[in-house]
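The values are calculated or read from the model by the stated rules, or taken from the named source; none is laboratory data. This structure is a prediction, so every number in the text was calculated from the model and none was measured. When we count neighbours, we look across all protein chains shown, and the Cβ atoms used for this are built from the backbone with ideal geometry, even at glycine.
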Ligand code: FES
């Protein structure tokens with residue numbers, strides 16, 4: 001019975017719909033949908049993204065099947081006999097490692113960032129946020145093609161099982177139903193949670209990735225890239241575990257682009273001034289050859305290191321789409337300081353007069 005279910009690609013589709021209805025049902029029941037500030041553009045981006053990823057999966061599945069039978073006819077179903085105990089972990093590792101690097105690249109390279117920024121423009125979490133990405137993002141998404149290749153090779157039960165596990169983790173890590181928040185309150189379960197969060201992506205881990213700014217000492221929009229497993233973030237030095245939840249989500253400078261520009265850039269561009277999705281948009285340097293004197297309150301501050309911030313010398317999130325991150329620093333008490341704005345200081349974030357030698 002179970003093996004029959006796993007042998008049908010349709011089971012994966014029903015599992016996706018089930019998780020949306022399950023977590024969406026909890027969110028509705030808890031009043032999160034009714035009290036949501038989502039705009040029409042938010043809803044359209046989420047529903048549109050759902051149809052786009054479904055369409056991309058369809059293209060991947062039939063494209064690989066059609067081309068595969070012509071180019072590699074002997075490979076068709078050639079691995080159907082591989083044990084599920086080997087095929088399922090193999091699929092999950094390949095799928096998740098590919099997604100880690102694709103997702104991380106979408107934060108570090110400007111071309112891909114423009115196709116992923118709609119995901120981070122969401123100011124509220126929710127199960128449908130996981131579908132917010134552009135058409136081009138889904139078309140290049142390696143996971144669409146990996147699932148199609150595993151299916152072509154005959155490892156259908158492993159692919160379907162992997163998709164079910166992944167969908168459960170991804171839906172729960174975006175949902176407003178933060179299951180781990182309840183478990184963290186039970187002290188006796190702390191060691192168990194340590195093991196769980198060091199393997200699987202939890203709501204706390206992924207909420208930190210969606211937080212607006214690192215200045216809250218919880219968020220890390222430039223880290224926690226993992227989709228199903230946290231192992232890759234730990235291995236490649238991008239993991240942050242706080243067991244806390246940010247209260248502010250979204251982009252620091254959001255141009256509030258239309259859903260059509262967010263989903264179909266560059267075929268549809270934004271008419272909003274300064275938008276990253278506007279035709280011909282380029283990042284403009286705000287670095288200057290002099291220091292900026294400011295009086296800082298006690299607390300955490302973020303110094304812009306990329307030189308593109310419109311709020312220099314502080315970070316405004318313009319570093320998205322580059323590999324450069326802001327530098328967080330702590331002020332114990334209110335003080336007047338000179339912050340570097342030439343971006344060449346060796347005593348960051350403070351000016352060390354390097355600009356005088358430039
Ligand atoms: S805007 Fe964040 S580092 Fe420059």
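Any idea which residue in segment 264-290 is farthest from residue 351 (Cα to Cα), counting only those that are within 12 Å of the ligand (Cβ to nearest atom) and surrounded by fewer than 17 Cβ atoms within 10 Å (Cβ to Cβ)? Selected residue: 283. Within segment 261-273, the only residue that satisfies the criterion of being within 20 Å of the chain's Cα centre (by Cα) and without any contact (Cβ under 8 Å) to a residue 40 or more places away in the chain is 261.
At least 1 residues being near the ligand (Cβ under 9 Å from one of its atoms) and surrounded by 13 or more Cβ atoms within 10 Å (Cβ to Cβ) is the threshold, and among the strands (runs of 3 or more DSSP E) wholly inside segment 291-358 those reaching it are 299-303, 327-331. If you check residue 105 against the conditions, is it within 24 Å of residue 246 (Cβ to Cβ) and touching a residue at least 12 places away in the same chain (Cβ under 8 Å)? Here the answer is no, as residue 105 does not meet what is asked. Among the residues in segment 21-43, are any modelled with pLDDT of 95 or more and surrounded by 14 or more Cβ atoms within 10 Å (Cβ to Cβ)? Yes, some residue in segment 21-43 is modelled with pLDDT of 95 or more and surrounded by 14 or more Cβ atoms within 10 Å (Cβ to Cβ).
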